[in-house]
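K.L.:
Dropping a structure here in structure tokens format, bear with me for questions.
Values quoted throughout were computed directly from the atomic coordinates according to the rules given, and no laboratory measurement underlies them. Owing to the predicted nature of the structure, the values given are computational and were not obtained by experimental measurement. Positions of Cβ are generated from backbone atoms using ideal geometry, with glycine treated the same way; all protein chains shown enter the neighbour counts.
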Amino acid sequence: MTRFVLTTLPDEATAADIVHQLVAEKVAACGTIIPGARSIYNWKNSIEEAKEVVVIFKIPKANFSSFEKELREIHPYEVPEIVAFDPAAVCHAYADWIVSSCASGD
């Protein structure tokens, strides 16, 4: 019923802009911004290091394709980290809130 999607972004301002946009468009119910990440990775045969923020989005599981498409379009990275997790258990009231927050209301 619900899915959590993790991504990294270069700074809090970019993260807040993206979270606001996706929540306003009702493709995500919520995005939690966690500052202070430090990523070390191999990029184009060079070891790189960057300060980033982690964002955990809460979405209806059925909306993943449209959510991923929208996030890829606005994400500033050439290859964005978009990793989805299906929680083993979610409070029913919270899951219902996620789904209803993303309903179009049509």
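K.L.:
Rounding to the nearest 10 and keeping the result within 0 to 90°, find how far the Cα-based axis of helix 12-24 lies from the longest principal axis of the chain.
P.N.:
The angle comes out near 20 degrees.
K.L.:
Of the listed values [x] 1.00; [y] 1.13; [z] 1.17, grab the one calculated as Rg/Rh (Cα atoms, Kirkwood Rh) from the structure here.
P.N.:
Computing Rg/Rh (Cα atoms, Kirkwood Rh) and matching it to [x] 1.00; [y] 1.13; [z] 1.17 gives [x].
K.L.:
Using the alpha-carbon atoms, what tilt in degrees (0 to 90, nearest 10) does helix 92-101 show relative to the longest principal axis of the chain?
P.N.:
The angle comes out at about 80 degrees.
K.L.:
Please report how many Lys pairs in segment 2-101 have alpha carbons closer than 24 angstrom, counting only residues at least 8 apart along the chain or sitting on separate chains.
P.N.:
Taking the Cα cut-off of 24 Å, the pair count is 5.
K.L.:
Next question, about the same structure. Within 14 Å, Cβ to Cβ, of ALA13, how many net charges do the neighbouring residues add up to if Lys/Arg are +1 and Asp/Glu are -1?
P.N.:
It works out to a net charge of -3.
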